[in-house]
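Values in this text are rule-based calculations from the coordinates and carry no lab data. The structure presented is a predicted model; accordingly, all values stated were derived computationally and were not measured. Cβ placement follows ideal geometry from the backbone for every residue including glycine, while neighbour counts extend to all protein chains displayed.
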Amino acid sequence: MENKEMGISEDSENTKPVLSEGETAETASAETVPAEAVSAEAETSAETEDLSERVKILSPARLVLKRFFRSKLSVIGLVTLLVLYLVCFIGPLFSDMSYDTVDLNGGENTQSTTITYTVDGEDYTMYDITYTASINRNAYPSAQHWLGTDENGRDVLIRVLYGGQISLTIGIVVVVLETIVGVILGGLAGYFGKWVDQIIMRIVDIFYCIPQMPILLICSAILQANEVNGIARIYWLCLVLVFFGWSGTARLVRGQILSLREQEFMLAERSMGVPARRKIFLHLIPNVLPLLIVQMTLGLGGIILTESTLSYLGLGVPIPYATWGNIIQALRDFNTLQYHFHIWGPPGICIMLAVLSFNFVGDGLRDAFDPKMKK
């Protein structure tokens, strides 16, 4: 009896509960779930929803901007460049002077002499009028000229602003053209390889072996000997700088494309029969673009220094056109170097600020585009 009772009791414990009328399996199971588990699950779901609301998924572009603006030096460089561009391009609009305007201090002094003579019985009178004016040379800063005047009586501030327009514009134009030529040749060499790669890379090696600065000096001397002046001299200077500066970009692009062309997405493009032109310029080049942006930004400072060096040596942009380089030609005069800092100091400071700012921005972009950055 005890065994039977015990068996009955064991069976009764293992049997399923009997459902009453109107009671479903779900409600019965819900009743059997402990209240603590339900509350814990509810809290977990609430925390998940709260976390999903707080966490924002950033696009790659916004992530790059966030990393860039986190760097204080990069922000300082960007702000400095914006100020330089705005002041140089907008500042001269508020002045009636140009880069070659000479300051005439004291007005005009007029001297008149009357000469009378007779020819064939008729009297003639000729007036000899001479205009003289005193030029305010090497004047120190004043309310009229904030940075003084140079040795020719021209306002230094206006020349610095106009010089910034040419120097900064030459830097951007040369870097953009160098990048275009380097991307085309480097992309062809990296994608096709074989004899195309050999020919282009041997040309790049030749350009790397040529000493750039002496060749630039020779080219500038040739332009000066052929009396190429004015705006044409600036155009030729840009072309010469592009001709000797594209090789570095071509080598960079070629190396990146060699590593990208064997990736899975390129194998898929090859199996789909996509033309080579589309694969290079629509798929490979966009993947190299972040590195190119960094390269261009860092190269702008070098171009400005090169142009300033050539202009300082008298082989760059010709006078009377103003650039930061040819303004500091005044350093050749020891008296100006010692006593007239207001003539050569401002353009030298502008060159330093522009080069440092481009380097800061380039470093910030390099860190921002780095995929290994965790923050």
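Over the Cα atoms, compute the radius of gyration (one decimal) and Dmax (the largest Cα-Cα distance, rounded to a whole number) for the stretch 295-361, in Å.
12.6, 40
Among 267, 216, 294, which residue has its Cα positioned farthest towards the positive end of the charge dipole of the stretch 175-331, with +1 placed on the Cβ of Lys and Arg, -1 on the Cβ of Asp and Glu, and the dipole taken about the Cα centre?
Ranked along the dipole, the leading option is 267.
How would you rank 264, 307, 151, going from fewest to most other Cβ atoms within 10 Å of each one's own Cβ? If you can, show how the numbers build up before the last one.
Details: 264 7, 307 28, 151 14.
Ranked by crowding around the Cβ, least crowded first: 264, 151, 307.
So if I place +1 on the C-beta of Lys and Arg and -1 on the C-beta of Asp and Glu, and nothing else carries charge, what would the dipole magnitude of the stretch 228-315 be about its Cα centre? I want it in debye, nearest 20.
Values: 8 positive and 4 negative charges, 50 e Å.
Computed about the Cα centre, the dipole is about 240 debye.
If I take the Cα coordinates of the stretch 168-227 and project them onto the principal axes, what are the three extents in Å, biggest first?
For the stretch 168-227, the Cα extents along the three principal axes come out at 44, 25, 17 Å.
Can you list the residues, at least 5 places off or on another chain, whose amide H is less than 5 Å from the amide H of residue 316, using H built in the peptide plane?
Amide H neighbours of residue 316, under 5 Å, 5+ apart: 311.
With θ set to phi - 60° and the Karplus curve 6.51 cos²θ - 1.76 cosθ + 1.60, what are the ³J(HN,Hα) couplings of the stretch 68-77 in order, to the nearest whole Hz, using x for Gly and Pro?
Taking θ as phi minus 60°, the curve returns 5, 6, 6, 7, 5, 5, 5, 5, 4, x Hz for the stretch 68-77.
Net charge around residue 292, counting only other residues with Cβ within less than 13 Å of its Cβ (Lys, Arg = +1; Asp, Glu = -1)? Before the final figure, lay out each step's value.
On the way: positive: 251, 254, 366; negative: 178.
My count for the surroundings of residue 292 gives +2.
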